[in-house]
Amino acid sequence: MTTQAEGPLVLGIDLGGTKILAAVVDAEHRILGRAKEATPAREGGAALQDALIEAGRNALTAAGLEPSNIEALGIGSPGPLDVEAGIIRSSPNLNVVDFPLKETLHQAFGVPVAVQNDVRAGGYGEFMLGAGRGYRDIVAAFVGTGIGGCLIRDGAIVSGITGNAGEIGHLIVKANGPKCGCGRRGCLEAVASRTAITRRIHKAIKKGASTPLREVVRNKNSRLKSKELSNAYRSGDPVAVHEVERAARFIGLALGSLINVLGPEIVIIGGGVTEAIGSPFVELVRNAARGQAMADPDRRVHIEQAELGDDAGVLGASLIARERYLSAPSLT
Ligand SMILES: [Zn+2]
């Protein structure tokens, strides 16, 4: 492999609830330049447009390039989306309705734009370039602020007739359980995401539990970083250990159930919480999933940690754009 960029070049953007990541990616899937902007979560469409364009331009500048040097753009965005039209239908987290993502970015960068759900783009990145390399049937779950999912069947993202399939975080694991951001009750995300863990730790503190996280988790809406949770867990803090084990058990139940339904070759577990705690968390989830997976007596389904970290989204989005608009990807 040479250090020379292998063209054609694609701009990949990962639009998240808190940050926008952008990267210029070459045909060997190497990142030539990257940029990060805070997501203007409350300010609406015009601010979002500015931040997206700024992130893209800064990534190009970081790579010593201009918009005329790229040939396509891929973006992963929270939804629900109209993937074909490239529109964010609505996103409470971004405070936009019917936002024309594809048209906005096409106008700004002058190249064809592919739009996909952010988690599906990340899952596709892991499938092609990370823990999923060499497999065709994948279930991926990303545990962070929420819980995102991606199903890949016979090498293609499963998005269903709705265009929005793969929402593992909204599998119901507890009937009439805690309220979810989606408005329903008992979703996996409402029980086992970092947000859910934070809420439960706050409750435990209110009941008098002693934990080093007391300083961080002042109320149920406190922002607990994955690193802080991981440090408390690793130091053996009983509150953190209890909540992490509980969350992992629910995630394992959901993933084991999906193994029974879908029989994937591999289940990939990623996201901020997984990355911060690492193999002990994956082990907890794996054990719970194995216990639930009655349809896999020979343990043929691999259960592994994601490999690409924060880069999964930009790499997946750039790959989707490359496959749609440019020649086939090179994986040599
Ligand atoms: Zn939900």
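Here the stretch 42-92 is the region considered, the condition is being without any contact (Cβ under 8 Å) to a residue 40 or more places away in the chain, β-branched (V, I, T) and outside any helix (DSSP H, G or I), and the residue that is surrounded by the fewest Cβ atoms within 10 Å (Cβ to Cβ) is I87. Screening G316 against (1) in a helix (DSSP H, G or I); (2) farther than 30 Å from V111 by Cα leaves a single unmet condition, (2).
The listed residues are I53, I20, and the only one of them that is in the same structural domain as S318 (by TED's automatic domain parsing), among the β-branched types (V, I, T) and over 18 Å from I70 (Cα atoms) turns out to be I20. Screening Q4 with (1) free of Cβ contacts under 8 Å to residues at least 40 places away in the same chain; (2) part of a loop (DSSP other than H, G, I, E, B); (3) open to solvent by less than 70 Å² (accessible area, probe 1.4 Å) gives one miss only, at (3).
Taking the residues in the stretch 314-332 that are open to solvent by 20 Å² or more (accessible area, probe 1.4 Å) and hydroxyl-bearing (S, T, Y) as candidates, determine which candidate is modelled with the highest pLDDT. Per the stated criteria, the residue is Y325. Restricting D14, D98, D26 to residues that are acidic (D, E), open to solvent by less than 10 Å² (accessible area, probe 1.4 Å) and either touching a residue at least 60 places away in the same chain (Cβ under 8 Å) or outside the structural domain of S159 (by TED's automatic domain parsing) (or both) narrows the list to D26. Working only within the stretch 303-313, note down all residues that are part of a helix (DSSP H, G or I) and open to solvent by 30 Å² or more (accessible area, probe 1.4 Å). Passing the criteria: only D311. Considering the stretch 103-213, the qualifying helices (runs of 4 or more DSSP H), each wholly inside and each with 2 or more residues that are more than 23 Å from L11 (Cα to Cα) and within 16 Å of the ligand (Cβ to nearest atom), run over 188-192, 194-206. Looking across the stretch 70-94, the residues that are in contact with a helix residue (DSSP H, G or I) (Cβ under 6 Å, 6 or more places away or on another chain) and of a type in the set (V, I, T) come down to I75, I88. Residue check: V261 meets all listed conditions (1) aliphatic (A, V, I, L, M); (2) at pLDDT 95 or above; (3) open to solvent by less than 30 Å² (accessible area, probe 1.4 Å) but one, namely (3).
Using the structure shown, decide if G163 is over 20 Å from Q305 (Cβ atoms), in contact (Cβ under 8 Å) with a residue 40 or more places away in the chain, of a type in the set (G, A, S) and open to solvent by less than 80 Å² (accessible area, probe 1.4 Å). Here the answer is yes, as G163 does meet what is asked. For the stretch 266-299, filtering for residues that are touching a residue at least 24 places away in the same chain (Cβ under 8 Å), open to solvent by 80 Å² or more (accessible area, probe 1.4 Å) and basic (K, R) leaves 0.
The values are calculated or read from the model by the stated rules, or taken from the named source; none is laboratory data. Since the model is a prediction, treat every value here as computed from it, not as a measurement. Every residue, glycine among them, receives a Cβ derived from its backbone with ideal geometry; neighbour counts consider all protein chains shown. Protein only, heavy atoms only, side chains kept; ligands, DNA and RNA dropped before computing areas. Shrake-Rupley method; radii C 1.70, N 1.55, O 1.52, S 1.80 Å.
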